[in-house]
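To start, the structure itself, in structure tokens.
Please treat every number below as a calculation from the coordinates, not as lab data. The structure displayed is predicted, hence computed values, not measured ones. Methodologically, a virtual Cβ is constructed for each residue, glycine included, from the backbone with ideal geometry; neighbour enumeration extends over all protein chains shown.
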Amino acid sequence: MIKLVQNELIKIFYRVGTYVMIGLLLLMVLITGGFMKYQESQTLDDNQQSWKNELTVQNEQLKKDLAEMKGHAPKEQIEYLEKQIAINEYRIKNNLSPNENYSMWDFVTDASPFIEFAGLFTIIIAAGIVASEFNWGTIKLLLIRPISRTKILISKYITVILFALFMLFVLFSFATFVGAVLFGVPDQSSPYLLYTDGKVIEQPIVVYLITTFLLKYVNTIMLATMAFMISAVFRNNSLAIGLSLFLMLMGSQITRMIAIKYDWAKYLLFANTDLMQYIEGTPIVEGMTMTFSVTMLIIYFVLFQALAHYVFQKRDVAA
């Protein structure tokens with residue numbers, strides 16, 4: 001199995017396109033870093049009393065808005081205001097100023113949207129890893145070896161997951177490097193203030209960032225799994241890429257529209273891929289829990305894998 005995975009990795013990194021994708025990801029991070037450095041403000045107010053007064057005034061206005069909105073505003077908006085009020089009060093009480101110099105960790109946070117681009121490249125690999133074997137005719141050479149089809153398919157999927165984790169590692173490490181060079185490493189990192197269950201909790205910024213990157217990448221893993229399944233079932237990487245990208249861009253929005261009227265939307269895939277909704281935000285359907293979403297993701301994962309293996313095992317490739 002290990003040799004099969006090594007062989008698949010060699011195939012991926014032998015292609016020029018793989019290095020183009022990695023290069024594009026690094027270039028986007030670098031350009032963003034340069035732009036942020038250019039826009040960096042040097043007029044931060046160090047007056048501790050000033051920021052406390054500002055947060056106090058801000059909270060007074062937020063409380064007025066909250067009182068006016070209760071009863072008719074969307075639940076998400078109400079919870080957002082409650083979160084901002086609680087965090088502001090926590091900062092004032094514990095003397096945690098929001099006015100700090102832009103640092104390496106701030107840049108890593110701002111670079112997190114590039115997770116979608118890393119996911120895009122992973123989907124491209126997943127969509128072609130099986131279909132390309134059929135398109136090039138190399139599937140026959142692969143299947144004549146004394147290796148079961150199950151092992152071949154599993155090795156290809158493991159390769160997809162390893163590539164996905166590799167791209168995430170490249171993004172996180174390069175963003176950290178660029179942030180350290182351009183904005184410096186803070187002597188003492190301020191904790192991230194996490195609002196959950198009506199309470200504000202301090203969390204080390206590094207732990208928060210790693211958790212955020214991993215949880216946000218769950219969506220990519222599920223889309224890559226679906227693209228892998230489509231690739232194995234239909235032997236068409238264009239279909240796999242096109243459908244996966246469409247769902248990547250529109251899946252959450254369509255699910256939210258359905259969730260407005262129907263509670264059964266919670267059983268849809270894209271109602272559960274965003275696990276950050278349980279850490280920051282509100283579940284798309286009231287009553288959903290982290291355990292429920294993880295369970296649904298496992299069900300979809302097993303379904304995608306079962307379908308891919310069943311069709312791949314039954315398909316006649318002799319012709």
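The three principal axes of the C-alpha atoms in the range 183-319 carry coordinate ranges of 65, 43, 23 Å, sorted with the longest axis first. Counting charges near M28 (Lys, Arg +1; Asp, Glu -1) among other residues having Cβ under 13 Å from its Cβ returns a value of -2.
Between M257 and Y38, the modelled label-to-label distance comes to 3.7 nm, taking each label 7 Å out from Cα in the direction of the beta carbon. When I158, I152 are sorted by how many other C-beta atoms sit within 10 angstrom of their C-beta, beginning with the fewest, the order is I158, I152. In terms of other Cβ atoms within 10 Å, W105, W51 run from fewest to most in the order W51, W105. Each of M229, M248 was scored by other Cβ atoms within 10 Å of its Cβ. Arranged with the fewest first, they read M248, M229. Size of the chain from its Cα atoms: along the principal axes, largest to smallest, the extents are 77, 48, 27 Å. Count Lys and Arg as plus one, Asp and Glu as minus one, and take only other residues whose Cβ is under 14 Å from that of M104; the net charge is then -4.
The residues packed around K37, meaning those with a beta-carbon under 14 Å from its beta-carbon, carry a net charge of -3 if Lys and Arg are +1 and Asp and Glu are -1.
Global size of the range 265-311: 12.1, 39 Å for Rg and Dmax (C-alpha atoms, Rg to one decimal, Dmax whole).
Under 16 Å Cα to Cα from K314, which lysines show up? Leave out anything in the same chain fewer than 8 places away. Counting by Cα, and skipping residues close in sequence, K314 has these lysines nearby: K140, K151.
Distance between the C-alpha centres of the range 1-15 and the range 271-297: 35 Å, rounded to the whole angstrom.
First check a/c for the range 51-184, with a ≥ b ≥ c the square roots of the eigenvalues of its C-alpha gyration tensor; if it is under 1.5, answer rounded, and if not, answer prolate when a/b is larger than b/c or oblate otherwise. It comes out prolate by the Cα gyration axes.
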